[in-house]
1. Restricting to segment 33-42, give me the number of residues that are aliphatic (A, V, I, L, M) and either modelled with pLDDT of 95 or more or open to solvent by 90 Å² or more (accessible area, probe 1.4 Å) (or both).
2. So L54 fits all but one of (1) open to solvent by less than 50 Å² (accessible area, probe 1.4 Å); (2) modelled with pLDDT under 95; (3) over 15 Å from the mean Cα position of the chain (by Cα); what number is the exception?
3. Which of the residues that make up segment 1-26 are open to solvent by less than 90 Å² (accessible area, probe 1.4 Å), assigned to a loop (DSSP other than H, G, I, E, B) and free of Cβ contacts under 8 Å to residues at least 40 places away in the same chain?
4. Kindly list the number of the only condition in (1) modelled with pLDDT of 95 or more; (2) open to solvent by 60 Å² or more (accessible area, probe 1.4 Å) that fails for K60.
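The values are calculated or read from the model by the stated rules, or taken from the named source; none is laboratory data. Since the structure is predicted, the reported quantities are computational estimates derived from the model, not experimental observations. As a convention, Cβ positions derive from the backbone with ideal geometry for all residues, glycine included, and neighbour counts pool all protein chains shown. These area figures cover heavy atoms from the full protein model, side chains too; ligands, DNA and RNA do not enter into them. Shrake-Rupley method; radii C 1.70, N 1.55, O 1.52, S 1.80 Å.
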Amino acid sequence: MRAQGFRSCVLEVLSSNARAIRFYEAHGFEKICSFRVEENGMNLSCDLMQKAQLQLISPKSV
């Protein structure tokens, strides 16, 4: 993503998935909001996480 010039990344993760949330936080993501989704008759709580200001690198160093 950096090599392609992206400056941020947003992802969705189940709020109950503590292991994944810890992983994303350890890699610079921050929770920006929570929301609920109904899918296949289930109400799911999700978190939206963002990693902003990706350090841009030149394609030559990739």
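1. To start, the set of residues in segment 33-42 that are aliphatic (A, V, I, L, M) comprises 37, 42.
From what's left, either modelled with pLDDT of 95 or more or open to solvent by 90 Å² or more (accessible area, probe 1.4 Å) (or both): 42.
Final tally of qualifying residues: 1.
2. (3)
3. From segment 1-26, those open to solvent by less than 90 Å² (accessible area, probe 1.4 Å) are 3, 5, 8-11, 13-15, 17-18, 20-21, 24, 26; that's our starting set.
So of that shortlist, the ones also assigned to a loop (DSSP other than H, G, I, E, B) come out as 3, 5, 15, 17.
Result: S15, N17.
4. The one condition K60 does not meet is (1).
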